[in-house]
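S.K.: Here it is, the structure, as structure tokens.
The values are calculated or read from the model by the stated rules, or taken from the named source; none is laboratory data. Please read these numbers as outputs of a predicted model, since none were measured by experiment. Cβ placement follows ideal geometry from the backbone for every residue including glycine, while neighbour counts extend to all protein chains displayed. Just the protein is used for accessible areas: all its heavy atoms, side chains included, with ligands, DNA and RNA removed. Shrake-Rupley method; radii C 1.70, N 1.55, O 1.52, S 1.80 Å.
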Amino acid sequence: MKFRIIAKDFAIDLGTSNILLYKKNEGLIANEPSFMLLDENNTKVLKVGAEAKEMLGKTHDKVHVVRPIENGVITDFNLTEALLNYFFKKINPGFCLVQPRTLIAVPNQITDVKARALEDAALYAGSRDVILVDQNLAAAYGIGLDPDTASASLVVNLGAGLSEASTLALNGIISAKSISKGGDYLDKRIGDYFKNSLKLEIGKNTAEEVKNNILSLRIRDKSLTLKVEGRDLESAMPKEVEVNSGSLKEIALDYADSVYEMIVEVLEKTPPEISRDIKDKGIFLTGGQAILQGLTEYLSSKLSLKVSYSDNPLEDVIRGCAIILEDPDRYAKYRK
Ligand SMILES: Nc1ncnc2c1ncn2[C@@H]1O[C@H](COP(=O)(O)OP(=O)(O)OP(=O)(O)O)[C@@H](O)[C@H]1O
Ligand SMILES: [Mg+2]
């Protein structure tokens, strides 16, 4: 058995769809879908991550697949503790005399009760100290902005379960707004479209594949097509249909308009000095749904502001957590 005096500190982006882990001085060490395979009594964790996600829609009644995070926050204390335990062991295998410090990115809208439950889950799972960091503040670090200065930024995190827009400066959030509409909502709407319009039942993973491959807000993309396999609702037989981006455009527009309205609400709550900074710098999208084709152009033309995202928006939050972990004094400035 491995033995060490001090365990390595680490950071977690505990997302609805993906969990990313960063280990101090070592880098990104895990990037797994947030799925767990449990036994029928919910007492034993059989698989975690990609292996569990693959089993979605294929389980029998002795096992089932669950997601412990919904709309960006934990749903079940015991499941979260089990999940954290699994990852903690992966990071610091063996026995450690001094437990690690853990930094966890959380949404702005997390309630005190849920924040406390998360802290407790991380402590029970083996942390000596837990620091909860606002995920959009972390993303701002990850994008390479300057959230520790008086120059304000507007960060819009478009995740699987939650979309959140925040203005931030001096290491703090000035105004924020969240909606429970994200990638999962789009997947569900796509599944419903297949069921109602094409009489085909498709699995959640298939709906996600359709979304990530052909959903687009660009008019020129309307003929992007994908062959999709599912179960014919009338004959119950496997069937393949070809779907094009144009037929899903309304779903994309509904989502993009909700994101637009959320940003407008944040801008309305923003003091004029900050609005000026945002006009100069533009808006920064982060999270997996920032990649939705045509979204930056769509928002930019409706808001008359520059809208962009980084090279890897799925990793902005964890990269930001890493910066905070490596340089805690920078994050501590202007905070108590
Ligand atoms: N190229 C891509 N790779 C992975 N996910 C993508 C991609 N494009 C779009 N997505 C979608 O982005 C979402 C995942 O984004 P992200 O990892 O930021 O969410 P999350 O952090 O798990 O969720 P939340 O922040 O809401 O809790 C999923 O809905 C996924 O289908
Ligand atoms: Mg996220």
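S.K.: Can you work out which of the residues in the stretch 298-336 that are free of Cβ contacts under 8 Å to residues at least 24 places away in the same chain and either within 16 Å of ligand 2 (Cβ to nearest atom) or at positive phi (or both) is least open to solvent (accessible area, probe 1.4 Å)?
M.R.: Top of the filtered list is 312.
S.K.: Sticking with this structure for a sec: Out of contact with any Pro (no Cβ under 7 Å at 6 or more places or on another chain) and closer than 23 Å to residue 21 by Cβ: which single residue out of 140, 160, 150 fits that description? Quick ask: steps written out before the conclusion?
M.R.: Details: 140 fails: out of contact with any Pro (no Cβ under 7 Å at 6 or more places or on another chain); 150 fails: closer than 23 Å to residue 21 by Cβ.
Step by step, each of 140, 160, 150 is checked, and only 160 is out of contact with any Pro (no Cβ under 7 Å at 6 or more places or on another chain) and closer than 23 Å to residue 21 by Cβ.
Quick grid of which residues meet (1) on the phi < 0 side of the Ramachandran plot; (2) within 16 Å of ligand 1 (Cβ to nearest atom); (3) charged (D, E, K, R):
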{"residue": "164", "(1), (2), (3)": "yes, yes, yes"}
{"residue": "180", "(1), (2), (3)": "yes, yes, no"}
{"residue": "206", "(1), (2), (3)": "yes, yes, no"}
{"residue": "222", "(1), (2), (3)": "yes, no, yes"}
{"residue": "232", "(1), (2), (3)": "yes, no, yes"}
{"residue": "235", "(1), (2), (3)": "yes, no, no"}
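S.K.: Also, I was wondering about something else. Of all residues being of a type outside the set (A, V, I, L, M, F, W, C) and surrounded by fewer than 24 Cβ atoms within 10 Å (Cβ to Cβ) in the stretch 149-166, which is nearest to ligand 2 (Cβ to nearest atom)? Just the residue, please.
M.R.: So in the stretch 149-166, the residues of a type outside the set (A, V, I, L, M, F, W, C) come out as 149, 151, 153, 157, 159, 161, 163-164, 166.
Of the ones still in play, those that are also surrounded by fewer than 24 Cβ atoms within 10 Å (Cβ to Cβ) are 149, 151, 161.
Details: 149: 24, 151: 24, 161: 8 Å.
Of everything passing the filter in the stretch 149-166, 161 is nearest to ligand 2 (Cβ to nearest atom).
S.K.: Same structure again: How about the stretch 197-222: which of its residues are free of Cβ contacts under 8 Å to residues at least 24 places away in the same chain, within 22 Å of residue 297 (Cα to Cα) and open to solvent by 90 Å² or more (accessible area, probe 1.4 Å)?
M.R.: From the stretch 197-222, those free of Cβ contacts under 8 Å to residues at least 24 places away in the same chain are 207, 209, 213, 219-220; that's our starting set.
Then keep just the ones that are within 22 Å of residue 297 (Cα to Cα); that gives 213, 219-220.
Passing the criteria: 219, 220.
S.K.: Shifting gears a bit: Mind counting the residues in the stretch 246-294 that are touching a Ser or Thr at 6+ places or on another chain (Cβ under 6 Å), modelled with pLDDT of 95 or more and of a type in the set (S, T, N, Q)?
M.R.: 1
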